[in-house]
Each structure stands twice: as C-alpha cells, then as structure tokens.
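Values in this text are rule-based calculations from the coordinates and carry no lab data. Everything numeric here is computed off the predicted structure, so don't read it as measured data. In this analysis, Cβ positions are derived from the backbone assuming ideal geometry, glycine residues included, and neighbour counts consider all displayed protein chains.
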Amino acid sequence: MSKIISEEHVQLSLFDKLDRDKRKSINKAVDKLNSVMGREKVKLAVQGKGINWILKQEKLSPCYTTRFTDILEVRI
C-alpha cells in the first residue's frame, strides 16, 4: 500500500514524529522473516494475535432507518 504515492508527496502533520526510515527498515525485516519462516509468523504488535472479537450488542440501539423489523409502528 505504500507505493500508491511517492514518499516525497506524503502529507505530514504538524505534530508528525514518525521516523519513516526506521519504520521502513522494520517493515523490510518483518517481510524478510515472514518470507523465510512462513506467512504471518512475525507481526507488529498493532496487528494483534489474530483472535477475532465480536462486538457486544446487548445495548445496541434499534436501526429505525435501515432495518424493517425496527420501524416503529404507531396505532391510533
């Protein structure tokens, strides 16, 4: 995904403190390890452990505008 635009055209934030060279070398190392050891053997911490979680929906609001079963019915 990083090849969509060139590195010279990345829009930076005023408070951007990301070390892009360090991040690039880390990504290369992870990619190299994964090519040797197998797909997704090494991951960054932000990628998680691969456990799928499900949103708790006990207190979910009704979807009046998107679900026919949740449309209010008024009887006079």
**Message:** Can you tell me which condition residue 33 does not meet? The list is (1) under 21 Å from the mean Cα position of the chain (by Cα); (2) surrounded by 10 or more Cβ atoms within 10 Å (Cβ to Cβ), and all the others hold.
**Reply:** (1)
**Asked** Which of the residues that make up the stretch 38-76 are small (Gly, Ala, Ser) and in a loop (DSSP other than H, G, I, E, B)?
**Response** 38, 48, 50, 61
**Message:** List pairs: first residue in the stretch 20-40 and on the phi > 0 side of the Ramachandran plot, second residue in a helix (DSSP H, G or I) anywhere in the structure, Cβ distance under 9 angstrom, at least six positions apart or on different chains.
**Reply:** 40/34; 40/47
**Request:** Taking the residues in the stretch 36-76 that are hydrophobic (A, V, I, L, M, F, W, C) and surrounded by 10 or more Cβ atoms within 10 Å (Cβ to Cβ) as candidates, determine which candidate is nearest to residue 7 (Cα to Cα).
**Result:** 44
